[in-house]
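> First, the structure itself, so that you have it in front of you.
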Amino acid sequence: MPYTAHSSRYQQMEYRRCGNSGLKLPAISLGLWHNFGDVDVLENSRAILRLAFDSGITHFDLANNYGPPPGSAEENFGRILKEDFSSYRDELIISSKAGYLMWPGPYGEWGSRKYLVSSLDQSLKRMKLDYVDIFYSHRPDPDTPLEETMGALDHIVRQGKALYVGISNYKTEEATKALEILRSLGTPCIIHQPKYSMFERWVEDSLLDLLNKEGIGCIPFSPLAQGLLTDKYLKGIPSDSRAAKPHGFLQQSQITEGTLDQIRKLNEIAIRRGQKLAHLALAWLLKDVRVTSVLVGASKPEQLADSLKCLENTAFSAEELTEIENILKAGSS
Ligand SMILES: NC(=O)c1ccc[n+]([C@@H]2O[C@H](COP(=O)([O-])OP(=O)(O)OC[C@H]3O[C@@H](n4cnc5c(N)ncnc54)[C@H](OP(=O)(O)O)[C@@H]3O)[C@@H](O)[C@H]2O)c1
């Protein structure tokens, strides 16, 4: 069936400015790390993407290595993009990244100019695109001068192969230097993509303040801690869950009794608020104005539809926040 996007899609979503840039992102963005590879069912991936766009999600996040096998998420996305979304290209923000292992030899990972430039060329071919909207350095490289990695991002923008650039997994000190170099080159970084959820809060120490001060957007990845921050693991490990899949990155060893105890307590707060735990976890991130968008994953369309309901209530009382804080602190001590 040919696809026509829902006419009221932009009324259903909140859009937030990405730092001080001109770009607005949807409060919920969709990541294609899992569920879009060759091991997955293409028609399911297509249904997730259609539902996302119909719901006002304009931002799709990829990386060279997403699959498995690496590269297959970009290829499958490229195919669906051509078949369903080609007339909507100017309504989409598509990102990709390079940093992790992609091909053998000394030029297939990390942060050299050689790797970043050739990796983006490969990504564009796989997605059948002329340019991406955002290109990221996926992780800092301890052995390549930061000037070279940031210089490659600047070069890529000047080539017209990316409109904006971002950094991911950079700690505060590394991010401070990267932002300064990019600014001096005239290609400002507009976004940082860190791991951030109720269960992973390192960004609160100083990164969020830095991004706020510098006018850089923040798009937390794995906001549901890969599914842990939902009610799905409360009664065991479902056979179709990420923790049960051989290629899933969520390890069963992460589902400890202590974590389950926290999940149970957070779930009770969610129920009291008339929400599900997934909604609570996403709303808890979105309550912070320094967070531009939360980057969720979904293994089925219904799951994404469910996560979108978090937007119905992102306000928290002081008592709720204290109660949540106590549960999270008890778990980290
Ligand atoms: N920059 C980086 O280094 C980096 C690293 C990791 C991820 N990312 C980006 O962040 C994106 C999101 O990461 P993530 O997939 O780990 O995010 P996540 O939102 O924390 O986890 C998504 C998973 O949680 C489960 N889920 C989602 N919504 C649910 C709901 N409403 N109810 C119950 N279960 C639900 C599904 O797993 P099941 O399979 O169990 O159904 C889904 O695949 C990635 O796709 C990628 O774009 C970036």
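The values are calculated or read from the model by the stated rules, or taken from the named source; none is laboratory data. Because the structure is a prediction, the values reported are computed rather than measured. Because the Cβ atoms are built from the backbone with ideal geometry, glycine has one as well, and the counts that use them run over all protein chains shown.
> Of all residues being touching a Phe, Trp or Tyr at 6+ places or on another chain (Cβ under 9 Å), part of a loop (DSSP other than H, G, I, E, B) and within 12 Å of the ligand (Cβ to nearest atom) in region 245-292, which is farthest from Ile327 (Cα to Cα)? Just the residue, please.
Among them, the one singled out is Phe249.
> Go through (1) surrounded by 15 or more Cβ atoms within 10 Å (Cβ to Cβ); (2) in contact with a Gly (Cβ under 7 Å, 6 or more places away or on another chain) and name the single condition Gly258 misses.
Going through the list (1) surrounded by 15 or more Cβ atoms within 10 Å (Cβ to Cβ); (2) in contact with a Gly (Cβ under 7 Å, 6 or more places away or on another chain), Gly258 breaks only (1).
> Answer with yes or no whether Ser95 is among the small types (Gly, Ala, Ser), under 28 Å from Tyr3 (Cα atoms) and at pLDDT 95 or above.
So Ser95 fits the description; yes.
> Is one or more of the residues making up region 168-177 in a strand (DSSP E or B), buried (at least 16 other Cβ atoms within 10 Å of the Cβ) and touching a Pro at 6+ places or on another chain (Cβ under 8 Å)?
yes
> Test Gly71 against the criterion of being buried (at least 20 other Cβ atoms within 10 Å of the Cβ), among the small types (Gly, Ala, Ser) and either out of contact with any strand residue (DSSP E or B) (no Cβ under 6 Å at 6 or more places or on another chain) or closer than 19 Å to Lys161 by Cα (or both), and give yes or no.
Answer is yes for this residue.
> Considering only region 210-241, how many residues are closer than 27 Å to Tyr164 by Cβ, surrounded by fewer than 22 Cβ atoms within 10 Å (Cβ to Cβ) and either in contact with a helix residue (DSSP H, G or I) (Cβ under 7 Å, 6 or more places away or on another chain) or touching a residue at least 60 places away in the same chain (Cβ under 8 Å) (or both)?
The number of residues fulfilling the criteria is 5.
> Cβ-Cβ distance below 9 Å, separation of 6 or more or different chains: which pairs start in region 1-24 with a residue that is at pLDDT 95 or above and end on one that is loosely packed, with under 14 Cβ neighbours inside 10 Å and assigned to a loop (DSSP other than H, G, I, E, B)?
Final answer for the pair search is Arg16/Val289.
> In region 135-152, what residues are assigned to a strand (DSSP E or B) and away from the ligand (no atom under 11 Å from the Cβ)?
Phe135
> Has region 3-17 got at least one residue that is within 16 Å of the ligand (Cβ to nearest atom) and among the basic types (Lys, Arg)?
No, every residue in region 3-17 fails to be within 16 Å of the ligand (Cβ to nearest atom) and among the basic types (Lys, Arg).
For every residue, the table says whether it meets (1) under 21 Å from Asp61 (Cα atoms); (2) acidic (Asp, Glu); (3) at pLDDT 95 or above.
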| site | (1), (2), (3) |
| --- | --- |
| Leu182 | no, no, yes |
| Ile191 | yes, no, yes |
| Glu204 | no, yes, yes |
| Lys213 | no, no, yes |
| Lys245 | no, no, no |
| Ile255 | no, no, no |
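> Yes or no: Ser299 within 7 Å of the ligand (Cβ to nearest atom), surrounded by fewer than 22 Cβ atoms within 10 Å (Cβ to Cβ), polar (S, T, N, Q) and not in a helix (DSSP H, G or I)?
Here the answer is yes, as Ser299 does meet what is asked.
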